[in-house]
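The values are calculated or read from the model by the stated rules, or taken from the named source; none is laboratory data. Not measured: the values here are computed from a predicted model. Reconstructed Cβ throughout: ideal geometry from the backbone, glycine too, with neighbour counts over all protein chains shown. These area figures cover heavy atoms from the full protein model, side chains too; ligands, DNA and RNA do not enter into them. Shrake-Rupley method; radii C 1.70, N 1.55, O 1.52, S 1.80 Å.
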Amino acid sequence: MPLTLSSNLGPKIRYWRRQVIVMRLIVSFALAIVALTASAMAAEKVALSVDVSKAGAKINRNIFGQFAEHLGHGIYDGIWVGPDSSIPNTRGIRNDVVTALKAIKVPNIRWPGGCFADEYHWRNGIGPQRVVTLNPNWGGVIEPNTFGTHEFMDFLDQIGSDAYISINVGSGTPHEAADWLEYMTTAQPTTLAKERAANGHPDPYRVANLGIGNESWDCGGNMTPDYYLSQMKIYSRFVRNFSPAQQDKQQMLKIAVGPGGDGPRWTEWTETIMKAYQQHTWSWDINGLSMHNYTVVRWPPAFASVGFGETEYSQILKSTLDMERLISTHSAIMDKYDPEKKVALIVDEWGAWYAPLPGSNPGFLVQQNSLRDAILAALNLNIFARHADRVRGANIAQMINVLQAMIMTDRENMVLTPTYYVYKMYVPFQDATFVPVTFDSGTYTHGDISLPRVDAIAAKDTRGKLWLEITNLDPNEAVEIEANLAGITAKSAAGETLTAPKVDSVNTFEAPNTVRPKPISGKVEGGKLTLKLEPKSLTVISVEQ
Ligand code: AHR
């Protein structure tokens with residue numbers, strides 16, 4: 001019976017099935033058209049104006065500095081594989097990492113820490129016999145000291161970067177630090193200089209920046225501001241750079257430990273150091289005050305670095321924008337005691353700090369790096385650029401395999417993160433001159449969080465070319481920029497944009513190109529530039545005249 005029924009109804013059923021398929025296709029096609037039109041129409045218009053004749057401070061290239069601590073795989077495996085490794089290397093340093101870092105023109109690298117710096121004894125890391133120690137701060141693992149002063153300097157030479165050495169104030173002595181600087185910098189035939197030559201480097205090294213301690217208010221020795229101040233004066237006085245090339249010009253900058261937040265504890269710290277600076281005598285000096293500020297929302301870090309949605313995206317971006325308040329607060333105190341802005345504010349640890357990746361050693365601070373982090377990086381770099389007169393250095397934490405890294409490695413594999421591409425796109429802003437931009441940022445709202453929809457900076461590079469960076473924070477709506485460009489005759493505008501399918505899109509060893517910049521161009525007519533920005537994107541363009 002069923003067979004007869006089926007055979008009688010068969011052609012009709014087939015006819016109706018075909019009809020349903022055709023209807024479904026028509027409906028999907030119509031929905032796609034509606035969606036496309038809606039998204040085209042949904043682009044919010046933002047008017048922006050730039051007047052090139054109103055140039056401001058220089059954006060010091062050192063705000064694009066990096067931080068490499070002996071922590072997890074930040075140094076070992078990330079940079080150093082040793083000369084006998086099958087991973088291609090030059091004198092033990094990974095070639096792939098060197099090539100990648102050269103492309104982002106790293107201005108300086110802060111080393112050897114972090115908390116590690118206040119337990120580092122430089123003599124363990126020189127000469128043919130290295131002393132094997134422990135790394136109690138970061139997982140209690142073995143520290144082989146195979147990457148020491150000479151390897152760090154060789155690495156800097158290979159990528160073309162400057163040294164930012166953090167000396168041990170917490171558990172070292174002024175004598176130990178003074179000897180280290182003499183070992184690195186003197187050209188005179190002292191016993192330490194001869195030892196340096198015997199270890200392969202007769203010429204003095206260049207030490208551009210000297211950090212006097214690290215977080216001396218916490219892991220660096222839990223000091224009070226007054227106690228730190230008296231220590232810092234001693235180190236500033238006796239830890240000298242003897243390099244003949246760094247006496248009159250290119251003098252080493254001495255950077256004191258500064259605040260780690262913006263409550264009364266931190267404003268008191270900045271007050272103490274800066275008040276003393278105002279009255280300092282010939283015997284000590286500083287050129288910078290450091291500041292640390294991680295985007296973490298709550299402690300211990302609990303936000304996931306991958307596998308999150310719009311809620312966590314907006315919460316993290318809201319939190320990262322606190323950087324503006326912190327810089328303004330501490331800059332105002334610095335202005336009080338140093339109106340000429342001789343002392344730079346150096347944000348030498350910043351970035352997103354998330355929960356460790358499941359299965360990783362929690363002491364290694366391993367996290368993924370997503371499109372959210374790229375947008376977070378752009379927002380912070382823009383804040384630094386807007387404060388270019390005072391913020392003349394910053395070091396994102398950390399360069400490889402740790403926290404908000406540029407690069408991740410796993411044995412012979414290497415992948416570039418979304419944050420790496422931000423640094424690459426921002427290269428033209430290194431040492432460019434800040435140009436004010438005015439725009440109505442609009443608002444992007446998610447739940448009870450409201451954020452500016454758009455952020456932007458502009459600058460003139462060393463050859464006079466105008467560059468714009470525009471971030472569209474809104475993960476759902478495109479933005480159409482209408483920029484009024486005064487002071488130049490614009491002909492065309494083109495550059496790169498960085499976005500991805502999802503706010504938590506990441507690059508992996510298997511799929512390394514999910515978040516990668518692609519070309520973009522704007523339309524220039526009658527001095528006006530129009531440019532459409534995709535949702536959750538950042539864009540850097542230059543204007544040809
Ligand atoms: O970047 C990781 C750690 O964070 C650094 O060692 C320390 O200075 C800070 O607390």
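Things worth noting here:
- Applying the criterion of being basic (K, R) and closer than 18 Å to F67 by Cα to the residues of the stretch 78-128, the residue that is farthest from the chain's Cα centre (by Cα) is R94.
- Screening the stretch 396-462 for strands (runs of 3 or more DSSP E) wholly inside it with 2 or more residues that are among the hydrophobic types (A, V, I, L, M, F, W, C) and within 30 Å of L48 (Cα to Cα) returns the ranges 433-435, 437-439, 449-452, 454-460.
- Matching residues in the stretch 131-147 - criterion: being away from the ligand (no atom under 16 Å from the Cβ) and either open to solvent by less than 10 Å² (accessible area, probe 1.4 Å) or farther than 21 Å from E182 by Cβ (or both): V132, T133, I142, P144, N145, T146, F147
- Qualifying residue in the stretch 52-59 (condition: part of a strand (DSSP E or B) and within 16 Å of the ligand (Cβ to nearest atom)): no
- Residue list for the stretch 180-204, restricted to those being of a type outside the set (A, V, I, L, M, F, W, C), outside any loop (DSSP other than H, G, I, E, B) and more than 14 Å from G127 (Cβ to Cβ): E182, T185
- Among residues of the stretch 148-172 being of a type outside the set (A, V, I, L, M, F, W, C) and in a loop (DSSP other than H, G, I, E, B), the one that is nearest to the ligand (Cβ to nearest atom) is G170.
- Hey, L416 open to solvent by 20 Å² or more (accessible area, probe 1.4 Å), away from the ligand (no atom under 16 Å from the Cβ) and closer than 20 Å to D504 by Cβ or not: yes
- Across the stretch 487-520, the qualifying residues are those that are assigned to a strand (DSSP E or B) and surrounded by fewer than 13 Cβ atoms within 10 Å (Cβ to Cβ), and the one among them that is nearest to the chain's Cα centre (by Cα) is K518.
- Residue check, G211 open to solvent by less than 40 Å² (accessible area, probe 1.4 Å) and farther than 19 Å from E176 by Cβ: no
- Condition check for D474: open to solvent by less than 10 Å² (accessible area, probe 1.4 Å), touching a strand residue (DSSP E or B) at 6+ places or on another chain (Cβ under 8 Å) and in a loop (DSSP other than H, G, I, E, B): yes
- Just one of the listed residues (N214, N222, N209) is within 27 Å of the chain's Cα centre (by Cα) and free of Cβ contacts under 8 Å to residues at least 40 places away in the same chain, namely N222.
Results for (1) in a strand (DSSP E or B); (2) touching a residue at least 12 places away in the same chain (Cβ under 8 Å); (3) open to solvent by 20 Å² or more (accessible area, probe 1.4 Å), shown as yes or no for each residue.
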| site | (1), (2), (3) |
| --- | --- |
| I327 | no, yes, no |
| I346 | yes, yes, no |
| A355 | no, yes, yes |
| Q367 | no, yes, no |
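- On the stretch given as the stretch 71-125, residues that are open to solvent by 10 Å² or more (accessible area, probe 1.4 Å), part of a loop (DSSP other than H, G, I, E, B), in contact with a helix residue (DSSP H, G or I) (Cβ under 9 Å, 6 or more places away or on another chain) and in contact (Cβ under 8 Å) with a residue 40 or more places away in the chain total 6.
- Of all residues making up the stretch 265-280, the number that are touching a helix residue (DSSP H, G or I) at 6+ places or on another chain (Cβ under 8 Å) and within 16 Å of the ligand (Cβ to nearest atom): 2
- Hits in the stretch 281-304 (condition: more than 15 Å from the ligand (Cβ to nearest atom) and touching a residue at least 12 places away in the same chain (Cβ under 8 Å)): S283, W284, D285, I286, N287, G288, L289, V297, A302, F303, A304
Yes or no, residue by residue, for (1) crowded, with 22+ Cβ neighbours inside 10 Å; (2) of a type outside the set (A, V, I, L, M, F, W, C); (3) within 16 Å of the ligand (Cβ to nearest atom):
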{"residue": "S216", "(1), (2), (3)": "yes, yes, yes"}
{"residue": "M223", "(1), (2), (3)": "no, no, yes"}
{"residue": "M232", "(1), (2), (3)": "yes, no, no"}
{"residue": "F238", "(1), (2), (3)": "no, no, no"}
{"residue": "A245", "(1), (2), (3)": "no, no, no"}
{"residue": "D248", "(1), (2), (3)": "no, yes, no"}
{"residue": "Q251", "(1), (2), (3)": "no, yes, no"}
{"residue": "I255", "(1), (2), (3)": "yes, no, yes"}
